[in-house]
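The values are calculated or read from the model by the stated rules, or taken from the named source; none is laboratory data. This one's a predicted model, so the numbers in the text were calculated from it and none came from an experiment. Heads up, the Cβs are rebuilt from the backbone with ideal geometry, glycines too, and the neighbour counts pull from every protein chain shown.
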Amino acid sequence: MSDVKTLVLKVGSGVLVRDGVHLDRGTFCRLVEQITHLMEAGIQVALVSSGAVALGRGRMGVERPDRQSLPKLQALAAIGQTALMQLYDSEFAHYQRRCGQVLLTRDDLDDRTRYHNARRTLRAIWGLGALPIINENDTISTDEIRFGDNDHLAARVACLLEADLLVILSDVEGVFTADPSLNPDAKRIERVIASDQSLDGFVSDTKDQLEGVGTGGMVTKIGAARIAALRGIPTVIMSGKLPERLPELMTGASVGTYLVPASTRQSSRRSWVQSLKVRGRLHCDEGAAEALKRRGKSLLPSGLVEIEGRFDEGEAVEICTIEGTAFAKGLATYPAAALRRIKGVQSNQIGTILGYHTSDVVVHRDDMVFFSNGDGE
């Protein structure tokens, strides 16, 4: 860990908040102190911090809001976000450190232009010697109150910044072979390949121990580690209640669970494609599937059998067999409505049928990423 120069640190609501609504000031202050030490050691830190909704609840005296009430959750996030940033700003000031708020939506990271602009902004904050503090822009989220969860957001930010390490601070000490609160024989897994499917048998989709505070359990944390691993970035899941162990981690001590990539980094573009939200599915025939998986070919309209969903040109789609098994993901060169008109035809007929011609292919091989359980790369 001594070679870590760029670190994305994610802290969950279950770490920052006690009783569902009140700041755990002791943990918070120790966390800020340890982040400061990391910065003083020359490490560029980006902090992805949850806690806005929980602090908003505390400020407004809301016990447990209806998670189906999106406007109320967004209002609480707006109120709590100001409180969260005030707390960080005040505490970091004790160490003569400044921080900058960066609120992101999924669209910001799905759009290639905004993706690069977000990267430039975050690096500019580092250039000023300040700490970027990142959260979902909950108040304008349209799909749901969260990015999916802030674990996912942190993984996307780690890929964005090409970080050396992603650290997810949880209210548990890592990944265990069983629930340690129920099984005294549960063992902490010290090191594992992120894509190892045996991990799925060790965890269940439980929330943070402070029920109603967090939105992501261990399943989402492992999912985040797998996203980071696709970019060649290792992840550590460790206890945020013991932030003083961060320096131990940096010196190579066995802290938490270390999830390592199975292979080398994907290209930046393919990593970005992998992170996009799927808008539809393309079913292809056996010959097309074989050409994609075995010979690295692009997907042609002649191989299309069925198109699912509504999507535009340039949006992400899953590529499936006739039976519906997804084996890849890529960017569609035509919208769904157009693909329905040209499925099964030869590429030289596209212009005649549509009245325009964008590309000979439906998904170009350079815009395609194969899943780890597929037969492709």
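In a residue-by-residue description of the range 208-220, the property of being in contact with a Phe, Trp or Tyr (Cβ under 9 Å, 6 or more places away or on another chain), crowded, with 16+ Cβ neighbours inside 10 Å and modelled with pLDDT of 90 or more applies to no position. Pairs are defined by a Cβ separation below 6 Å, a sequence spacing of at least 6 or placement on different chains, a first member in the range 171-193 that is more than 21 Å from G12 (Cα to Cα), and a second member that is of a type in the set (V, I, T) and at pLDDT 90 or above; the pairs so defined are I193/V260.
Pull up the range 1-23, narrow it to residues that are basic (K, R) and part of a strand (DSSP E or B), then point me to the one that is farthest from V157 (Cα to Cα). The extreme case among them is R18. Are any residues in the range 316-344 closer than 21 Å to K293 by Cα and in a loop (DSSP other than H, G, I, E, B), and if so, which ones? T321, I322, E323, G324, T325, A332, T333, K343, G344, listed by residue number. Of all residues in the range 283-302 being within 17 Å of M368 (Cα to Cα) and free of Cβ contacts under 8 Å to residues at least 24 places away in the same chain, which is surrounded by the fewest Cβ atoms within 10 Å (Cβ to Cβ)? Here the residue is R295. Residue-level analysis places I237 among those that are surrounded by 21 or more Cβ atoms within 10 Å (Cβ to Cβ), at pLDDT 95 or above and outside any loop (DSSP other than H, G, I, E, B).
Screening E308 against (1) touching a His at 6+ places or on another chain (Cβ under 8 Å); (2) closer than 11 Å to C284 by Cβ; (3) at pLDDT 95 or above leaves a single unmet condition, (2).
Can you find a residue that is part of a helix (DSSP H, G or I) and either free of Cβ contacts under 8 Å to residues at least 40 places away in the same chain or not aliphatic (A, V, I, L, M) (or both) anywhere in the range 353-364?
yes
When restricted to residues that are under 9 Å from I168 (Cβ atoms) and not basic (K, R), the range 217-249 contains 7.
Can you find, within the range 356-367, the residue that is surrounded by the most Cβ atoms within 10 Å (Cβ to Cβ) among those that are at pLDDT below 90 and not hydroxyl-bearing (S, T, Y)? Spell out how you get there, then give the answer.
Initially, the range 356-367 is screened for residues at pLDDT below 90, giving 356-359, 365-367.
Right, trim to not hydroxyl-bearing (S, T, Y) and you get 357, 365-367.
Working: H357: 14, R365: 16, D366: 12, D367: 20.
Only one residue fits best here, namely D367.
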